[in-house]
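No lab work stands behind these numbers, since they all come straight from the coordinates. In this text, all values refer to a predicted model and were calculated from it rather than measured experimentally. As a convention, Cβ positions derive from the backbone with ideal geometry for all residues, glycine included, and neighbour counts pool all protein chains shown.
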């Protein structure tokens, strides 16, 4: 689905986990104003896991959870731990975590094993309402939404620098946008080039990385992220 049409798509059901009442209420208002349903809002990781479990038991599993990485009681990694557990217990559940800073360990842990329906954004990204709501929708549908700064660090720390070195600067740029979860059309708009030019870059990237191209954007992003994590 083209990125510009996401905001007009069918509503999604969301659980928000954020210990700041102001931010939690702000996210709730932001999403409900755009026609989505916030089925629950909680302030700690234990309540998040319990709430999602209860909803699942009622046959009402939400489409996506939006959770802060750091939550009570220690404000270290409770949120991301809960997110990892929820992805294990409910593979069909989308999980979007928010963080104040790029924390590679948490991003890697969240992406381990399965990148379907997963996102990691910096909280600053919430200030861009359109970008945030698009990310929520993309993750709810099984797509990927990674903050550009997270992607940049993953690319920079890849252990396959010899292969990445074979990519042109433009191909690396396209790879980074692919890893964020963007479609070919969205990449073309971002780089101000034609769709055909992006398709050619994507084909070259897959060939140089030894990856098989796929018709599906999710499969493509999954392949790229699998490469970045390997």
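With a simple spin-label model that places each label point 7 Å from the Cα along the Cα-to-Cβ direction, the separation between residue 172 and residue 129 comes to 3.7 nm.
Residues 96, 122 in ascending order of nearby Cβ atoms (within 10 Å, fewest first): 122, 96. In a fully extended conformation the segment linking residue 153 and residue 199 would gain 14.1 nm over its present Cα-Cα distance, using 0.36 nm per residue.
Based on the alpha-carbon gyration tensor of segment 3-147 and its eigenvalue square roots a ≥ b ≥ c, which shape applies: rounded if a/c is under 1.5, prolate if not and a/b is larger than b/c, or oblate? Present the calculation step by step, with values, prior to reporting the outcome.
Details: a/c = 1.22, a/b = 1.14, b/c = 1.07.
Taking the square roots of the gyration eigenvalues as a ≥ b ≥ c, segment 3-147 is rounded.
Could you work out the relative contact order of segment 1-153, using alpha carbon pairs under 8 angstrom and six or more residues apart, expressed as a whole percent?
Details: 270 pairs, mean separation 31.9, N = 153.
The value is 21 percent.
Taken along the Cα-to-beta-carbon direction at a fixed 7 Å, the label points for residue 21 and residue 190 span 3.8 nm.
The label-point distance for residue 46 and residue 75, in a model that sets each label 7 Å from Cα toward Cβ, rounds to 1.8 nm. Annotation: the residues 19, 68, 128, sorted from fewest to most other C-beta atoms within 10 Å of their own C-beta, follow the order 128, 19, 68.
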